[in-house]
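Below: the structure, in structure tokens.
Readers should treat all values here as calculations from the given coordinates under stated rules, not as data from a laboratory. In this text the structure is predicted, and so the values were computed from the model without any measurement. Cβ placement follows ideal geometry from the backbone for every residue including glycine, while neighbour counts extend to all protein chains displayed.
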Amino acid sequence: MPALEVASRVAVTTAEGPGRRFALWVQGCSLRCPGCCNPHLFAAGRGSTIPVDALLAEIARAAREHALEGITVLGGEPLEQRPGLTALCRGAAALGLGVLVFSGLRLEEARALPGFEQLWPHVDTLVDGRYDRRRPEPPPERGGRRFIGSTNQRLHHRSERYADPALWCGPPRVEIQLEPDGGFSAHGEPRALADLLHALERR
């Protein structure tokens, strides 16, 4: 069974796609978009290498405990770990979960990669395109899409599961979750997250 180099993961979130989701951030990205909200995920080799079957066991348990709608895979650049990503998405789909993948590569670029066509049938929606800080997604009150970083990024719905435009509308979501070691993780839409952290720093 393949493995993935993983930076972090959360068992349930509503800030990384439609519905209640298991979210996983891979480690490593050669695209290194200026202004990326996750620059600490650029360098490969700094995450934890986890067999996909172990991740799927976690996902199955989380799905039972939290009535999950799906999984979201972000990064880092997920498509730089295609064998593991394919196995993960195939397994999640077999559990009946929706699969949402964020990639800095455009779909046209992804289709040229070895192994992508084995991955694609197991993805419901791909959000593609490099983050462009010169073209930030506008706030929802001005027609901006939820979960999306910049206006050049596109939604590719391979299935109808997340094709309803209403799923991509609404106020930005941010979550702060306490960790077992006493720390915390913060995730969600970058603009709203930055505003929240700035407000907390001022207290």
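Label residue 118 and residue 156 with points 7 Å out from Cα along Cα→Cβ: what is the distance between them in nm?
So the label points at residue 118 and residue 156 sit 1.8 nm apart.
Could you put 69, 58 in order, starting from the residue whose Cβ has the fewest other Cβ atoms within 10 Å? List each step's numbers first, then the result.
Numbers: 69 20, 58 14.
The order, fewest Cβ neighbours first, is 58, 69.
What value in Å³ per residue do you get for the convex hull of the alpha-carbon atoms in the range 1-103?
Roughly 83 Å³ of hull volume per residue.
Can you tell me how the range 49-144 classifies by the Cα gyration tensor, rounded, prolate or oblate, using a/c under 1.5 as the rounded cut?
Since a/c reaches 1.5 but b/c is at least a/b, the shape of the range 49-144 is classed as oblate.
Give me the distance between the Cα centres of the range 33-68 and the range 80-101, rounded to whole Å.
12 Å
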